[in-house]
Amino acid sequence: MTTLDKFREIAREPFNEHLRAHKDGGGKIIGAFCSYVPEELIVAAGMVPFRMRAVGSTKTTLGDTWFSSFNCSYVRHLFDLALEGSFRFLDGLVFINACDHIRRMWDNWKAALDHPSFIHMTAVPRKKEHGALGWYREELEILKRALEDHYGITITDEALREAIRNSNQVRRLLSRLYDMRKDDSPPITGAETLSVIMAGTALPREQFIKMLDELLKELPGREVYPPDAPRLMLQSGCLEEIEHLELIEGQGSAVVDDSLCFGRRYFDRLVDEDLDDPIQALAERYMNHLSCPRISDDFKNRLEYIRSSTREYRLDGLICEKLKFCDLWGGEAFILRQESKATGLPVLALERELYGGGEGQVKTRIQAFLELIGKV
Ligand code: SF4
């Protein structure tokens, strides 16, 4: 079994053997809902961070009893799993005020579920204006104290620095993986890359680092795309279906870069290891890494990233997706289409439901887009 096969297997399961071994050894697992929750704080507390996902969900019948039909399918699927008890392995859960739908899930989770014992909301600024960094730093201090008080532990600066070193090593290795996707013939597909990061955010850091080291040795020389496959960037929030990327790439395209929660936004930008204050270092990295539309005054930096990616990855087009009723990404897709002329990059805006079928329609839209950009 290759390392990539192992990543795929782990990514397709909500729970895995490495987490089981950690639990069996008396270890704790803390769920987190967004890339604005510093995993280093959880690791420095001696626990494993688990990035929440709705993997394995096939229905929303239970979830729908707690949400309106105008809530996005991500929260309805994930909460359906929660009501089924799929997250009983968690010892704690950290929410952020990502959007109104996640905030509703916070209310519903507290009302409907008696587990896990630790449940916390971290308020992350929606703008990067003056004062935002200080606010966010304070919120990280509050999260740190909440973990310490609830579990009767002390999170030392040395433990934080060690966790920062480990997470930075993960970021460096993922950057090398993404650099390989700049090649004329990238050795890994977009769907496989998604499986690597989805698996990694459900593994202890050391295990993730070990597997990434092995993967980077296995990939050189691998051929996965037809020659001259149109090169695309994919942007979205809460996208976690590997099959969906396989569908996009199955139309003859190559997704060579992205701005996804389980993608570049997870590893973009290192934490400054030279700063004396590790909490300040975390705040600076997490407030300044490649943002998502919830940071409403940072569109210019997101656009600048698209421009540099267009050059470095020789992009032919950009797909910006939104789940139905997701205002954040709906707005982003609209503006990106306006900016398409300025960036010189054709943009396809796609709307869909998570685990919601509609493959035929998506296929047709992708094929039409590839024709439009003159690449089929
Ligand atoms: S898809 Fe959009 S609306 Fe749904 S949870 Fe994510 S950011 Fe919120």
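Remarks
- GNM flexibility winner over the chain from Arg165, Arg311, Arg265 (Cα, springs under 10 Å): Arg311
- One quarter of the convex hull surface built on the alpha carbon atoms of the stretch 25-155 amounts to 8.5 nm², the projected area averaged over directions.
- For Leu147, the shell of other residues with beta-carbons less than 14 Å away shows a net charge of -4, using +1 for Lys and Arg and -1 for Asp and Glu.
- Length-normalised contact order of the stretch 119-266 in % [C-alpha pairs under 8 Å, at least 6 apart]: 23 percent
- Over all distinct Cα-Cα pairs of the stretch 118-252, the Kirkwood formula returns a hydrodynamic radius of 18.1 Å.
- The distance linking the stretch 153-206 with the stretch 301-351 is 24 Å (Cα centroid to Cα centroid, whole angstrom).
- Our note on the geometry: Cα centres of the stretch 263-292 and the stretch 51-73, 31 Å apart.
- Within the stretch 25-155, percent of DSSP bridges classed antiparallel, to nearest 5: 0 percent
- In the chain, taking the dipole from charged Cβ atoms about the Cα centre, the farthest positive-side position among Gly27, Val43, Leu260 is held by Leu260.
- Note on the chain: semi-axes of the ellipsoid equivalent to its C-alpha gyration tensor, largest first and rounded to whole Å, are 31, 23, 22.
- Sparse-neighbourhood loop sites, GluC sites (Glu not before Pro) in the stretch 59-149 - DSSP loop, at most 11 other Cβ within 10 angstrom: Glu129
- The trypsin sites (Lys or Arg not before Pro) of the stretch 30-103 meeting both criteria, a DSSP state outside H, G, I, E and B (loop) and at most 14 other C-beta atoms within 10 angstrom of the site's C-beta, are Lys59, Arg88.
- Contact order relative to length of the stretch 25-155, as percent, for alpha carbon pairs under 8 angstrom and 6 or more apart: 24 percent
- Relative contact order, whole percent, for the chain stands at 18, derived from Cα pairs under 8 Å and 6 or more residues apart.
- Counting charges near Asn108 (Lys, Arg +1; Asp, Glu -1) among other residues having Cβ under 15 Å from its Cβ returns a value of -2.
- For the cross-link pairs Lys28/Lys110; Lys59/Lys110; Lys6/Lys144; Lys324/Lys375; Lys128/Lys300; Lys182/Lys324, the ones whose C-alpha atoms lie over 24 Å apart are Lys6/Lys144; Lys324/Lys375; Lys182/Lys324.
- Build a GNM of the chain with springs between Cα atoms under 10 Å apart, and of Gln280, Gln169, Gln338 the one that fluctuates most is Gln338.
- Gaussian network model of the chain, Cα within-10 Å springs - most flexible of Leu336, Leu219, Leu290: Leu219
- Between the C-alpha center of the stretch 218-243 and that of the stretch 19-34 there is a gap of 30 Å.
Any read-out appearing in this document is the output of simple, stated calculations on the displayed coordinates, not a laboratory observation. On a predicted model such as this, the values are computed, not experimentally measured, just so you know. Virtual Cβ from ideal backbone geometry, glycine too; neighbours counted across all protein chains shown.
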